[in-house]
1. Once fully extended, how much extra length lies between residue A:18 and residue A:69, figured as 0.36 nm per residue of separation less the alpha-carbon to alpha-carbon distance?
2. To the nearest 20 debye, what is the magnitude of the charge dipole of chain A about its Cα centre, counting +1 on the Cβ of each Lys and Arg and -1 on the Cβ of each Asp and Glu?
3. Out of region B:17-99, which trypsin sites (Lys or Arg not before Pro) are coil in DSSP terms and have no more than 16 other C-beta atoms within 10 Å?
4. Quick one: helix A:60-85 against the long Cα principal axis of chain A, what's the angle to the nearest 10°, folded into 0 to 90?
5. Please sort A:35-47, A:140-152 by packing, taking for each peptide the average over its residues of neighbouring beta carbons within 10 angstrom, highest first.
6. Can you show me the helix-derived [θ] at 222 nm for chain A, built from DSSP H runs with n ≥ 4 at -39,500 (n - 2.57) apiece and divided by the number of residues, rounded to the nearest 500.
7. Stokes-Einstein D for chain A at 20 °C, 1.002 mPa s, Kirkwood Rh over Cα pairs, in µm²/s?
8. If the chain between residue A:36 and residue A:77 were fully stretched, how many nm would it gain, using 0.36 nm times the residue separation less the Cα-Cα distance?
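Quick note: the coordinates plus some simple rules give every number you see, no bench work behind them. Quick caveat: nothing in here was measured; it's all calculated off a predicted structure. As a convention, Cβ positions derive from the backbone with ideal geometry for all residues, glycine included, and neighbour counts pool all protein chains shown.
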Amino acid sequence: MAQRPCFPDLTPAYRLVDAAAGAMCRSLGLPPDERDDLRQDLLVDLLTRLPSYDAARGEFGAFARVCIRHAATRLARKAKRDRAARHPSGLDDPLPGQEGVTVGAGISEGEGYSAWCGQPTDAVAALERRLDLERAGAAIDAGDLPLCGALSRQTPHELGKGGTIPRARIYRRITEMRLRLLAAGVTSAA
Amino acid sequence: MMDMQPTIPTGTAPAVPLTEAALCRWLGAAAPGDAITYFRGTLARSICPQLGLLDPAERVALARLAGRAWMLCEQGLAHLVQRRRGEEDFEYLIIARRRPRRAASAILPMLLAEAA
């Protein structure tokens, strides 16, 4: 029969985990609601390492402290990595060169959320773009629209390698579409 | 119904032979009633491979140009007109038509379906 593991008293670990989660929140500038998640992650990490604890080699508190320190380091690195992958700014960030004005104050309500992402917010430009698209769509043969959709995701070379359409036919259709667009007054942007 | 003009406009002859792309580009920028001479001579004889009046490359280019002009006419974007200038000497004119009223958008349903 397998020997049941004998777990030590975890009371000191709770205190250590609480302290480590609080310190991480402060040092990383995380919101307070992240503290419970961090506490949970640290505790789970410690529990998974409990079977390797040997009481003959030291006190449980020392073991827990080392485990929690290592886990906190890993979590902090991951948080920094995630943060570096995103653009670290917020609506409350100050605008450079303007005292007391935040990024959020520089965006009007009418511009919407797109302005926050740096996307165009001009409604007239959006309408003109839609009309241009409709004009181009009307000039192109309806049978070529699926090909246009495919070409927006792949190059003609990649599409030809896929084998669904012969490469020569792709280029022939592209030439035809260009001529039709030219005749409709839609010139190439390049 | 289209406005009919009493006389056929005088087409401007291009300095160099037109290409398909140049013809389409001209039509894209042309106002209704604008005309251009896309060929002078006898088109049917010139593009006939058996007669060999033109180099093969020139003949193919001319056949493409004539085919494109015909296609533009079929799409309702232009009129094709010939003017007799002499014995076996014709001006082939293409006259820009008023743009057809836009039909129901073909691309908008696709955009809406993609956005949904």
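1. Additional length available on full extension: 17.1 nm.
2. 1120
3. Values: sites: B:25, B:40, B:45, B:59, B:64, B:68, B:83, B:84, B:85, B:97, B:98; in loops: B:97, B:98.
Qualifying residues, ordered by number: B:98.
4. The two axes meet at around 10 degrees.
5. Values: A:35-47: 16.9, A:140-152: 13.8.
Top of the packing list down: A:35-47, A:140-152.
6. -18500 deg cm²/dmol
7. Numbers: Rh = 23.5 Å.
Approximately 91 µm²/s, per Stokes-Einstein.
8. Working: separation 41, 0.36 × 41 = 14.76 nm, distance 1.81 nm.
This chain segment gains 12.9 nm when fully extended.
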